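The values are calculated or read from the model by the stated rules, or taken from the named source; none is laboratory data. Everything quoted here is computed from the prediction, not taken from an experiment. FYI the Cβ positions are ideal-geometry reconstructions off the backbone, even for glycines, and counts take in every protein chain you see. Areas reflect the complete protein model, heavy atoms only, side chains present, ligands, DNA and RNA absent. Shrake-Rupley method; radii C 1.70, N 1.55, O 1.52, S 1.80 Å.
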Amino acid sequence: MKEVHFTFKNTTVLSMISHLLKRKSLFLFAIFLSLNLYAQNKKPNIVFILVDDLGWMDISANGSTFYETPNIDQLAKEGIRFTQAYAASPICSPTRASILTGKNPARIGLTQWIGGPGNPDYKRNLPLEEVLFPELLQEAGYKTAFMGKWHLNNVEGEGTFWPDKQGFDVNVAGHFRGGLYIKNKYFSPWNIPNLENGPEGEYMTDRLAKEAVDFIDQNANDPFLLYFSLYSVHAPFDAPADRVEKYNKKKEKLGLTDADRFAEETQGNLTFTYRKTQDHPTYAAMVESMDMAVGKILDKIKDQGIADNTVVVFFADNGGLSTSEGTPTANTPLRAGKGWLYEGGIREPAIIKWPGIIEPGTVSDAVITSSDFYPTILEMTGQALRPELHMDGKSIVPLLKGESKDIHESTYFHYPHISNQKGSPSSAIRDGDYKLIVFLNDYRMELYNIKHDIGERNDLASELPELRDHLYKKLYKWWDEVDAKFPKEFTIKAPKN
């Protein structure tokens with residue numbers, strides 16, 4: 001008879017086996033062994049938390065001293081925090097599409113926030129023929145729920161292109177709107193589809209947290225995907241009065257003047273004002289409310305006894321709003337913010353907790369992108385990778401396991417539109433420590449060493465012409481690969497031989 005050897009790392013497990021064997025309780029041992037193997041092989045739950053417009057510096061773990069995010073900070077202590085995680089776009093809808101499809105927005109043709117100006121034109125609905133990762137999880141037996149901001153269809157696509165048509169069993173509050181631009185803003189009655197109005201004055205962030213907690217309670221015994229996509233901290237800026245008052249007091253203690261808060265800079269022919277210091281009370285209260293919602297979800301996972309078998313991903317869709325529309329936050333030391341391909345517009349807070357796999361408290365400076373979540377989640381849940389689907393995403397599981405330090409040789413960004421935040425149409429490549437930005441309206445190129453110049457203040461384009469031209473050649477080739485679209489008045493220039 002062939003011997004079978006089992007290896008257990010857990011000393012508690014070993015002592016229990018020893019005790020059972022001494023009593024010759026083979027039947028009990030068999031039951032225990034079956035349960036242990038079942039627990040090891042059970043598919044992990046996935047909780048994906050996506051925050052709208054949250055800047056890289058908007059959490060305490062990344063250095064904010066004005067905002068308070070204790071639950072997110074604790075998540076970072078229990079998992080891995082990335083210092084160079086990138087959104088595929090400086091604007092929401094394209095990044096959201098990249099997460100769900102594993103593709104760069106330029107490849108899909110969805111390069112603008114849906115409803116925004118269309119030069120060049122772009123897709124107004126996330127195509128149904130795209131196979132989203134929730135669809136694959138659904139096929140693998142997962143119960144899937146979407147909650148919050150969708151913004152991946154236009155008003156004509158209501159119902160047809162909603163989350164429940166693209167891999168989600170449950171859709172709470174997901175429809176065409178990208179923000180809560182209604183009379184009551186973040187407070188009930190909201191009068192939006194797929195979410196009943198709450199008691200008058202109920203706060204949207206609190207309500208979505210309640211819906212998430214209820215979903216976990218109802219599905220704790222089976223594998224589930226909870227895609228928790230907050231409307232906050234997107235404008236309009238609104239929060240419960242007591243939370244705002246807390247930060248009003250903090251603001252008064254700081255005693256900053258507008259000279260401390262704001263500065264001006266010139267980019268090309270444009271001069272604009274940006275916020276350089278955080279002290280916006282309402283925005284801070286929105287950040288804390290978001291953190292409270294995260295805390296409620298994490299607490300419920302623990303209460304249900306499923307924390308050890310639940311992966312938690314925390315991410316944001318674009319940089320913090322720092323150059324227009326109220327300029328509520330500062331991304332310092334990063335340059336600019338939402339709507340720009342400078343670091344302030346695309347570098348995001350990113351944390352992943354995977355119990356038993358990720359060493360708690362890990363900090364990684366590896367470059368990852370929003371397109372990487374698709375194949376990563378497939379591998380986490382024991383499914384085969386589908387490179388023909390997630391064409392631009394790479395699984396970062398080897399990185400999470402400490403088996404690799406780098407995933408991407410080069411990453412690409414293409415936002416060929418004028419943003420509401422004064423950003424110019426532009427395209428960029430990050431290659432190693434260097435980043436080339438091509439401004440499409442005047443074909444101006446800027447080159448930065450991100451490792452040594454995180455604020456992108458020392459333009460090396462004229463000092464390193466060979467590197468500049470090399471990176472432009474790679475970017476040019478990528479444009480052709482993805483069939484990138486450009487403003488009508490823009491003529492592509494072939495790279496130098």
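Among (1) closer than 30 Å to Pro360 by Cβ; (2) buried (at least 16 other Cβ atoms within 10 Å of the Cβ); (3) small (Gly, Ala, Ser); (4) at pLDDT below 95, which single condition is Gly402 missing?
(2)
Take Ile368 and tell me if it is farther than 25 Å from Asn269 by Cα, assigned to a strand (DSSP E or B) and either open to solvent by less than 10 Å² (accessible area, probe 1.4 Å) or touching a helix residue (DSSP H, G or I) at 6+ places or on another chain (Cβ under 9 Å) (or both). Even if it seems obvious, please write down each step before you answer.
Working: farther than 25 Å from Asn269 by Cα: yes; assigned to a strand (DSSP E or B): yes; either open to solvent by less than 10 Å² (accessible area, probe 1.4 Å) or touching a helix residue (DSSP H, G or I) at 6+ places or on another chain (Cβ under 9 Å) (or both): yes.
For Ile368, the condition - farther than 25 Å from Asn269 by Cα, assigned to a strand (DSSP E or B) and either open to solvent by less than 10 Å² (accessible area, probe 1.4 Å) or touching a helix residue (DSSP H, G or I) at 6+ places or on another chain (Cβ under 9 Å) (or both) - is met.
Kindly list, by first and then second residue, each pair from a residue in the stretch 461-478 that is under 10 Å from Ile429 (Cα atoms) to a residue that is in a helix (DSSP H, G or I) and at pLDDT 95 or above, limited to pairs with Cβ atoms under 9 Å and residues at least 6 apart or on different chains.
Trp478/Ala106
Give me the pairs: first residue in the stretch 136-152 and under 13 Å from Asp164 (Cβ atoms), second residue open to solvent by 30 Å² or more (accessible area, probe 1.4 Å) and in a helix (DSSP H, G or I), beta-carbon distance under 7 Å, and six or more apart or on different chains, which are they?
Every condition considered, the pairs that remain are Thr144/Gln138; Met147/Glu211.
Report yes if some residue within the stretch 322-334 is surrounded by fewer than 24 Cβ atoms within 10 Å (Cβ to Cβ), free of Cβ contacts under 8 Å to residues at least 40 places away in the same chain and either in contact with a helix residue (DSSP H, G or I) (Cβ under 8 Å, 6 or more places away or on another chain) or of a type in the set (Ser, Thr, Tyr) (or both); otherwise report no.
no
Of the residues Pro375, Pro398, which is in a helix (DSSP H, G or I) and without any contact (Cβ under 8 Å) to a residue 12 or more places away in the chain?
Pro398
Filter the stretch 440-452 down to the residues that are outside any strand (DSSP E or B) and either within 15 Å of His414 (Cα to Cα) or of a type in the set (D, E, K, R) (or both) and list them by number.
Passing the criteria: Leu440, Asn441, Asp442, Tyr443, Lys451.
So in the stretch 337-365, with the set limited to residues that are basic (Lys, Arg) and in contact with a helix residue (DSSP H, G or I) (Cβ under 9 Å, 6 or more places away or on another chain), which one is surrounded by the most Cβ atoms within 10 Å (Cβ to Cβ)?
First, the residues of the stretch 337-365 that are basic (Lys, Arg): 338, 347, 353.
The next check asks that each one be in contact with a helix residue (DSSP H, G or I) (Cβ under 9 Å, 6 or more places away or on another chain); those that pass are 338, 353.
Numbers: Lys338: 29, Lys353: 23.
Residue satisfying both the conditions and the ranking: Lys338.
Among the residues of the stretch 422-439, which ones are at pLDDT 95 or above and part of a loop (DSSP other than H, G, I, E, B)?
Listed by number, the residues that qualify are Pro425, Gly432, Asp433.
Taking the residues in the stretch 433-449 that are surrounded by fewer than 18 Cβ atoms within 10 Å (Cβ to Cβ) and under 26 Å from the mean Cα position of the chain (by Cα) as candidates, determine which candidate is nearest to Val367 (Cα to Cα).
Asp433
Report, by residue number, each residue of the stretch 200-209 that is more than 23 Å from the chain's Cα centre (by Cα) and either modelled with pLDDT under 95 or crowded, with 23+ Cβ neighbours inside 10 Å (or both).
Answer for the stretch 200-209, where residues must be more than 23 Å from the chain's Cα centre (by Cα) and either modelled with pLDDT under 95 or crowded, with 23+ Cβ neighbours inside 10 Å (or both): Glu200, Gly201.
Suppose we filter Ser419, Ser410 for residues that are crowded, with 23+ Cβ neighbours inside 10 Å, within 26 Å of Pro120 (Cβ to Cβ) and touching a residue at least 24 places away in the same chain (Cβ under 8 Å); which single one remains? Quick ask: steps written out before the conclusion?
On the way: Ser410 fails: crowded, with 23+ Cβ neighbours inside 10 Å.
Testing whether each residue is crowded, with 23+ Cβ neighbours inside 10 Å, within 26 Å of Pro120 (Cβ to Cβ) and touching a residue at least 24 places away in the same chain (Cβ under 8 Å) leaves just Ser419.
Filter the stretch 232-263 down to the residues that are under 29 Å from the mean Cα position of the chain (by Cα) and more than 30 Å from Ile49 (Cβ to Cβ), then identify the one that is most open to solvent (accessible area, probe 1.4 Å).
So the residue we want is Phe262.
Please give the number of the condition Ala212 fails out of (1) under 20 Å from the mean Cα position of the chain (by Cα); (2) under 29 Å from Gln421 (Cα atoms).
Only one criterion in (1) under 20 Å from the mean Cα position of the chain (by Cα); (2) under 29 Å from Gln421 (Cα atoms) is unmet by Ala212, namely (2).
Any residue at all in the stretch 453-470 that's open to solvent by 20 Å² or more (accessible area, probe 1.4 Å), closer than 20 Å to Val367 by Cα, assigned to a loop (DSSP other than H, G, I, E, B) and out of contact with any Gly (no Cβ under 7 Å at 6 or more places or on another chain)?
Looking for residues that are open to solvent by 20 Å² or more (accessible area, probe 1.4 Å), closer than 20 Å to Val367 by Cα, assigned to a loop (DSSP other than H, G, I, E, B) and out of contact with any Gly (no Cβ under 7 Å at 6 or more places or on another chain), one finds at least one in the stretch 453-470, hence yes.
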